[in-house]
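Below is one structure, written out as structure tokens; the observations come after it.
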Amino acid sequence: MCGIVGYIGKKNCVPILINGLKRLEYRGYDSAGIGIINNGNSKIVKNKGKVSVLEENVNNLQLTANIGIGHTRWATHGIPNEINAHPHSNESGSLFIIHNGIIENYRTIKTDLQNLGYKFTSDTDSEVLVHLIDYFINKGYDLCKAVQFALNEVVGTYGIAVIYNNEPDKLIAARKGSPLVVGLGENENFIASDVSALLSYTKQIVYLDDGELAVITKDGFTVKTISDKEIQKEVHEISISLEEIDKSGYPHFMLKEIMEQPDSVWNSMRGRLLHEEGTAKLGGISEVMDRLVNSNRIILSACGTSWHAGLVGEYMIENLTQIPTEVEYASEFRYRNPIISKDDTVILISQSGETADTLAALREAKNRGALVLGICNVVGSTIARESEAGVYIHAGPEIGVASTKAFTSQLVVLALITLLVARKKNLSAAEGRVIVEALQDLPEKVYQCLKLNETIEQIANEFKDASNFLYLGRGYNFPVALEGALKLKEISYIHAEGYPAAEMKHGPIALIDENLPVVFIAPKDSTYEKVVSNIEEVKARGGRLIAIASENDNDIDELVDYSIKIPDTVEMLRPILTSIPLQLLAYHIAVKKGLNVDQPRNLAKSVTVE
Ligand code: F6R
């Protein structure tokens, strides 16, 4: 949510900033801008719309500078337009700031500053920061002190970068609640909200923590707290490659990421299966295993697609380990005074590892003494670092805003955790081996599902003009129905709802007519017969039926308009396969509607505001 990049060094920063912003555009894409300082001349270029528009504007201006900051915005306060785009500047145009996060007390600060004669031009909360820093500079403080004093006044979240014409040899960055990293180069240094912006230049990364501020020059950096205590930081070498964040010939990141799933699913379990013992080996949680196995209760907390993964996890964990398990929206969990004890385990699931609500849930659970585990994709992310222990899903960078491969990898990791705990409880080695073998067979089966791409594209053509969709499933298939509906609505803007199939008759059945496509997730499992009855009920009312069904199920063809046949696996792993055709269906419908599937309207990857 909002991309931040900054450069200080000997090179021209303008192409570096633009390149970084292109990499970060998935974090927000309603407006973009850069601010640079060149030999005492400072300049801002910003516009509504994409980074490509900004690129054209800066190219026309032929700008050069050795220090600059860039921002791609996801609007919170103030509509997406040029004035509200970042950077924001003080009145004299000497001080620039970019901000990710929300300043909650901005109204009070704004009024105070207005009373002192400060003029505001934008509707953003961010603009108060630049005037507040300016206020402290005018009181005689240097830039670093002025930023520290200003940040002491604000309530809310921020990742900021600041540059100042009168101190052109430094870039200041600070964070509270919004991710920021410092990238280290030779005679040049960088900042970014996400390492992907820096991969072309450096792999040496320092992660800033909440309450920290970095002063970055071309030759080095220092980190201190907002209250001025120096901190020694560790330098990390990151292993992501540039190829991993390219489209590799695919028209969209989303399609690339869907198609990568045989590999990403495998990478999530690689080196973690113990066939003979019929269990899993997860180094990241080995030290807390006893506490986990003896938990009174497990709570899975997450948002969006990761929450759907949590719902599948609940079925897995309860079925196999008999540990009472609950799933909570992180945004609700954090505010409802949850009853948690030190005998509970709270597992946070987050692809980005930066989702503000999930992070707040983590901190709440930690405060209350629960064992706190993280399941994250982004290595070094805040949730990964703040969890007591955890398991990376190793799905590789996910750039498309709609989460696809991260979801299936989250399910793999949840299955591994379930298997490990269950084996320490009641599950026999023989039963464990069945699951291990099913996991090993999954990549090939995922590949079989992907071979349905063309068939699904044809089905998408048939249904692209529908204005509503219903997704139905029972048991393990219910969270898949929710996930299928979310995928469709977020990228195609078609209203879609997911329901437990049997709930249909308690209300949604009223929606059914010949215009309503109903997608049943109906593999041959323990709920199959009941679901077939629900299919009959829809058919009797003229609904248009699509079924995700088992490959050996010929009977279903008589009942539905379209059936998508997938290979079979054990019950707990089926959601990994059934969700793939739904990802493809959503993708093709959105493409056929001419929509930007990688950057759907109003959305952003990594939601770092509440
Ligand atoms: C949907 C989607 C979102 C995320 C949610 C949580 O396709 O991507 O619903 O799943 O914002 O994000 P993470 O997993 O990064 O915490």
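The values are calculated or read from the model by the stated rules, or taken from the named source; none is laboratory data. Keep in mind the model is a prediction, meaning the values are calculated, not measured. Don't worry about glycine lacking a Cβ; one is built from the backbone with ideal geometry, like all the others, and counts go over all protein chains shown. Keep in mind that these areas ignore ligands, DNA and RNA; they rest on the heavy atoms of the full protein, side chains included. Shrake-Rupley method; radii C 1.70, N 1.55, O 1.52, S 1.80 Å.
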Go through the residues of the stretch 262-269 one by one and say whether even a single one is modelled with pLDDT of 95 or more, within 16 Å of the ligand (Cβ to nearest atom), touching a helix residue (DSSP H, G or I) at 6+ places or on another chain (Cβ under 9 Å) and open to solvent by less than 70 Å² (accessible area, probe 1.4 Å). yes
When the residues of the stretch 385-434 are narrowed to those that are polar (S, T, N, Q) and more than 22 Å from residue 308 (Cα to Cα), which ends up modelled with the highest pLDDT? 428
Could you please let me know if residue 533 is away from the ligand (no atom under 16 Å from the Cβ) and either of a type in the set (Gly, Ala, Ser) or in contact (Cβ under 8 Å) with a residue 12 or more places away in the chain (or both)? yes
Checking the conditions here, which among 64, 108 is assigned to a loop (DSSP other than H, G, I, E, B), open to solvent by 10 Å² or more (accessible area, probe 1.4 Å), at pLDDT 90 or above and over 30 Å from residue 400 (Cα atoms)? 64
Look through the stretch 326-356, keep the residues that are surrounded by fewer than 24 Cβ atoms within 10 Å (Cβ to Cβ) and within 16 Å of the ligand (Cβ to nearest atom), and return whichever of them is nearest to residue 414 (Cα to Cα). 327
With the condition kept exactly as written, say whether any residue in the stretch 14-25 is at pLDDT below 90 and open to solvent by 20 Å² or more (accessible area, probe 1.4 Å). yes
Selection over the stretch 441-450 where residues are open to solvent by 10 Å² or more (accessible area, probe 1.4 Å) and in contact with a helix residue (DSSP H, G or I) (Cβ under 8 Å, 6 or more places away or on another chain) yields a count of 5
Which one of these is buried (at least 24 other Cβ atoms within 10 Å of the Cβ) and either assigned by TED's automatic domain parsing to the domain that holds residue 313 or of a type in the set (Ser, Thr, Tyr) (or both): 427, 419? 419
Could you look through the stretch 562-610, keep only residues that are under 24 Å from the mean Cα position of the chain (by Cα) and among the basic types (Lys, Arg), and pick out the one that is nearest to residue 414 (Cα to Cα)? 574
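This table checks each residue for (1) surrounded by 17 or more Cβ atoms within 10 Å (Cβ to Cβ); (2) away from the ligand (no atom under 16 Å from the Cβ); (3) closer than 16 Å to residue 389 by Cα; (4) not assigned by TED's automatic domain parsing to the domain that holds residue 371.
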{"residue": "276", "(1), (2), (3), (4)": "no, yes, no, no"}
{"residue": "279", "(1), (2), (3), (4)": "yes, yes, no, no"}
{"residue": "283", "(1), (2), (3), (4)": "no, yes, yes, no"}
{"residue": "289", "(1), (2), (3), (4)": "no, yes, yes, no"}
{"residue": "296", "(1), (2), (3), (4)": "no, yes, no, no"}
{"residue": "304", "(1), (2), (3), (4)": "yes, no, no, no"}
{"residue": "313", "(1), (2), (3), (4)": "yes, no, no, no"}
{"residue": "320", "(1), (2), (3), (4)": "yes, yes, no, no"}
